[in-house]
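These notes concern the structure reproduced below.
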Amino acid sequence: MDTPVIHHGAMFDTNELVLNMGPQHPSTHGVLRVVLRLDGEKVVDADVVIGYLHRGIEKLSENRNWTQIILLTDRMDYVAAATNNVGYCETVEKLMSLEVPRRARYVRTILCELQRIASHCLWVGTHAMDIGAMTVFLYAFRERELILDLFEEMCGARLTYNSMRIGGLPLDIPPGWDKKVLEFCTIMATKIDEYEELLTHNRIWLERTKGIGVIDGPAAVALGLSGPPLRGSGVPRDVRKDEPYAAYDEMEFDVPIGTAGDTYDRYLVRLEEFRQSLRVIRQATEGIPEGPIVGKVPRLIKPPAGETYHAIESPKGELGYFIVSDGKSTNPYRFRVRPPSFCNLQGLRTLIKGHLVADVVALIGSLDVVLGEVDR
Amino acid sequence: MIDTLVIPLLKIVIVLNATLVSVTYMVLLERKVIAWAQSRLGPMRVGPYGILQPVADAVKLMIKEDITPVRADRWVFTIAPIISMVPALIVYAVIPFGPEVKLFGRQVTLYITDINVGLLYIVSVASVGVYGIILAGYASNSKYPLLASLRASAQLISYEVAVTLTLVSVIMMAGSLSMVSIVRAQQSSHMWYAFVQPLAFLIFFIGGLAETNRAPFDLPEAEQELTGGFHTEYSGMRFALFFLAEYANMIVVSSVATTLFLGGWLRPFPNVAFLSFLDFIPSWTWFLVKSFVFLYIFIWVRATLPRYRYDQLMRLGWKVLIPLAIANLVVTGIIKVMLL
Amino acid sequence: MAQAIAFYFIAACILGFAVLVVSTKDTVHSVLFLVMDFLFVAALYVLLGAEFLAAIQVLVYAGGIVVLYLFVVMLVNLKRPPEAHSDPHRRTMLGFLLAAAVLVEVGAIAVYGHSQPAMVPVPGAAMPVTGNTAQIGWLLYTSYLIPFEIASMLLLVAMIGAIVLAKREL
């Protein structure tokens, strides 16, 4: 950014203050850097700088075979690794026209929704912490821990799960796991009320979030927002409903949408998604069909020449994979991800203009970006 | 000689040490209470249940490297933490922990001094404390501390107005500026002023939260926005001074609130002879218990509430608290003239 | 004896800091010395037994007004070379004139004070109240009521003027 603008006033010339927030700052959620131009504490303009966590996952993938890539997708949105796995595997299955057994699709649904709750737990905690309510953070992490335990039992890892295989699952669910999932659903339902008790009707919380970062539906679509930031502005777009994948076509759930398009509505949308996710998990866990967990997958995975785009609804928004196969080699010719955080982050500059420094952190939290996914 | 020099000096030494020890344990108390609110344990490693944690903290802070940024204003940078610590400590000179007691065959007062303008002294000393924060922000020569110190000084100046106005209504009730007389006036009127002046009490409490930079008014040190606020560039013992000053100020606000609104060292219902068996508890215990309740509420609020935004804080101060305090003052004056 | 020593020490500090206020290059340091100056003046009041005045001195001057000075000094960039006052002679002349005027005034007061030793400044016997603070209040609302009210009107006018200046569109 160039030198700050000097405004010539009647009595004094005033100077804009350039404030560099990040990449090392407690509330830029990783390594986001925001260069703010301030007039007092009001943000005149902002420059969002990304790229501090770039690891070249897309290029790396072109040199890995199809199964090895699953492990790389874990490292994108590292708070929702299972969702990334599912998205990638389904894209390859689409490219190969593979049939996935029903049992595997049900387990995928359960994992995706558990992952959504875990990711939203992290969001509600850090978002509240950014606005100063520190207790919600620890409450939310307490429940996230339960989900991590479930994942650990399912696939042995707590953060980067590597939990999918092309055509199905690597392992069947452990015995008794489904009961534990249902138990978790019962616990979680009461805990969501606990978060709401601390925040939803809190006067300070309302003052800090209502009317902050308002964006209307058409503008949100134009910016390419997806997921809760888009639904908070009243656009009922959810990949799970519009283009069902896994077993979502057999599930009953509602897509919550907001009306005002401000930080508070995005908050309400995500809290309602907690409840809807629990609904889906209950249905899927109670209705897991018997059967094989892997479809008819060839020994050597080598999709036919062609290209495909497939999107799923990650906790952050629409997570899409675009893969080109040349049909000859055992690795993709081109591998491209459409990460929801990257696209949602485009909205940040529009949202924070005219707000105060304190709102900047509230808005970064409200968009719920994970820098691992933004930079890849 | 003994009465004019030795005993006051002894009292000063005792009060200062007691304050510093309770400030360090205040930090531990806060960590424990917040941990309990957040369903975790808090410090557990140093000593049983972590009770020696303050010692470990003190050692750590003292042996840490003391960094002065190259482009800082060296002198101002050094004196800023001292300026913020000293007012917090010298306020204790006029806080009455108890009445006169017989100790080793000698009449001793449980306060260092009782000056004619005690309350005014507290207010004026507290008003000097703001320099510590402003100068820290300025001397660091860094943007985050500067923003924080601007926030802090605006906040302190505006809430001081509301708090001082509530103090005036208490002074009108008691008819004196001396802390001891205010307690005695509560005894003779058979009523704690918290019940006579509930609005003033509430405004004083909110203003106290704001003046000590505590949640939900902790904007000057908002970690999530300003990376620590005015003490971002401080380290080691100088940082510790800021840290301790905040807690010392909390204790000051609690003690003043106890003295003005909760009857100071008086036991509950001091004029009811039926309850006189309570007198076996020393008067200063009541004072400490009441102050402790206050401090607990301070911590409790921090564990519960989100943080206000700068403009909302100013709006609350100027458009809600100050008009209310003035209205309360006028009503108090009218009632005082009409009825008494 | 002890009181005299204390007085001379405090007076020396007041004068010393006053010199530092005008001689320091750094504006912020200069404002800080001004605060020290105010605090020592408050100490002088305590020495004279006027605790109320001392507390008010600290509260209003050291704690209130100078904080605002500090704000202005911190926020306004004073590093620019002064362009308006480029004529050094004019400044010196004005300074000498002002200093002379102040000196004459102080001298006049001193002479006047010595020539009328009979006047008792505080009519203590006439007051129905005792105590430092109560006496000040009594005097302000009886003998000096009109000057007190005029002073408060002046402050009000200044306040309105400041608001008008600061807020361009009302």
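The values are calculated or read from the model by the stated rules, or taken from the named source; none is laboratory data. All values derive from a computational prediction rather than experimental measurement. Please note: Cβ atoms are built from the backbone with ideal geometry, for glycine as well, and neighbour counts cover all protein chains shown. Side chains are part of the model used for accessible areas, which takes the heavy atoms of the whole protein and leaves out ligands, DNA and RNA. Shrake-Rupley method; radii C 1.70, N 1.55, O 1.52, S 1.80 Å.
Observations
- Scanning region A:209-227 for residues that are touching a residue at least 40 places away in the same chain (Cβ under 8 Å) and either touching a Ser or Thr at 6+ places or on another chain (Cβ under 8 Å) or of a type in the set (Val, Ile, Thr) (or both) yields a count of 13.
- Residues that are closer than 30 Å to B:TRP300 by Cβ and surrounded by fewer than 20 Cβ atoms within 10 Å (Cβ to Cβ) do not occur anywhere in region A:216-225.
- Scope region A:116-145; condition within 11 Å of chain B (Cβ to nearest Cβ), open to solvent by 10 Å² or more (accessible area, probe 1.4 Å) and either farther than 27 Å from A:LEU198 by Cα or among the aliphatic types (A, V, I, L, M) (or both); matching residues: A:MET129, A:MET134, A:LEU138
- Residue ID - surrounded by the most Cβ atoms within 10 Å (Cβ to Cβ), chosen from residues in region A:80-115 that are in contact with a Ser or Thr (Cβ under 7 Å, 6 or more places away or on another chain) and within 20 Å of A:GLY176 (Cα to Cα): A:GLU113
- Selected residue [out of contact with any His (no Cβ under 7 Å at 6 or more places or on another chain), more than 14 Å from every other protein chain (Cβ to nearest Cβ), open to solvent by 20 Å² or more (accessible area, probe 1.4 Å) and over 26 Å from B:SER140 (Cβ atoms)] from B:ILE112, B:ILE95: B:ILE112
- Filter pass, A:PRO304 being in contact with a strand residue (DSSP E or B) (Cβ under 9 Å, 6 or more places away or on another chain), open to solvent by 40 Å² or more (accessible area, probe 1.4 Å) and part of a loop (DSSP other than H, G, I, E, B): yes
- Residue match in region A:249-266 (condition: hydroxyl-bearing (Ser, Thr, Tyr), closer than 23 Å to A:VAL100 by Cβ, open to solvent by less than 10 Å² (accessible area, probe 1.4 Å) and at pLDDT 85 or above): no
- Test: residue in region B:175-185 that is crowded, with 20+ Cβ neighbours inside 10 Å, hydrophobic (A, V, I, L, M, F, W, C) and in a loop (DSSP other than H, G, I, E, B): yes
- Among the residues of region C:88-109, at least one is at pLDDT below 85 and loosely packed, with under 10 Cβ neighbours inside 10 Å.
- Residue among B:TYR138, B:TYR131 that alone is open to solvent by 30 Å² or more (accessible area, probe 1.4 Å) and facing chain C (nearest Cβ under 9 Å): B:TYR138
- Residue pairs meeting the criteria (Cβ under 6 Å; at least 6 apart or on separate chains; first under 15 Å from A:HIS310 (Cα atoms), in region A:233-248; second basic (Lys, Arg) and open to solvent by 30 Å² or more (accessible area, probe 1.4 Å)): A:ALA246/A:ARG105
- Of the residues C:ALA125, C:ALA84, C:ALA134, C:ALA118, the single one that is within 11 Å of chain B (Cβ to nearest Cβ) and modelled with pLDDT under 85 is C:ALA134.
- Per the listing C:LEU44, C:LEU32, C:LEU53, the residue uniquely closer than 25 Å to B:TYR138 by Cα and surrounded by 15 or more Cβ atoms within 10 Å (Cβ to Cβ) is C:LEU32.
- Within region B:10-26, residues that are farther than 11 Å from B:ALA248 by Cβ have Cβ atoms under 7 Å from residues that are β-branched (Val, Ile, Thr) and surrounded by 15 or more Cβ atoms within 10 Å (Cβ to Cβ) in these pairs: B:LYS11/B:ILE112; B:ILE12/B:ILE112; B:VAL15/B:ILE112, counting only partners at least 6 apart in sequence or on another chain.
- Exactly one residue out of A:GLU272, A:GLU286 is farther than 23 Å from A:GLU90 by Cβ and without any contact (Cβ under 8 Å) to a residue 40 or more places away in the chain: that is A:GLU272.
- Total residues in region B:52-75 satisfying the condition of being among the β-branched types (Val, Ile, Thr) and at pLDDT 85 or above: the figure is 3.
- Of the residues in region B:268-282, at least one is modelled with pLDDT under 85, more than 14 Å from chain A (Cβ to nearest Cβ), surrounded by 19 or more Cβ atoms within 10 Å (Cβ to Cβ) and under 27 Å from B:LEU177 (Cα atoms).
- Matching entry among A:LEU111, A:LEU150 (being without any contact (Cβ under 8 Å) to a residue 60 or more places away in the chain, farther than 16 Å from A:PHE274 by Cα and of a type in the set (A, V, I, L, M)): A:LEU150
- Residue in region B:3-15 that is within 30 Å of A:GLU145 (Cα to Cα) and assigned to a helix (DSSP H, G or I) present: no
- Some residue of region A:282-290 being within 21 Å of the chain's Cα centre (by Cα) and open to solvent by 10 Å² or more (accessible area, probe 1.4 Å): no
- Single residue of region B:298-324 satisfying the filter (within 17 Å of B:LYS32 (Cα to Cα) and open to solvent by less than 20 Å² (accessible area, probe 1.4 Å)) that is nearest to the other protein chains (Cβ to nearest Cβ): B:ALA303
- Scanning region B:141-158 for residues that are outside any loop (DSSP other than H, G, I, E, B), more than 9 Å from every other protein chain (Cβ to nearest Cβ) and among the polar types (S, T, N, Q) gives B:GLN155, B:SER158.
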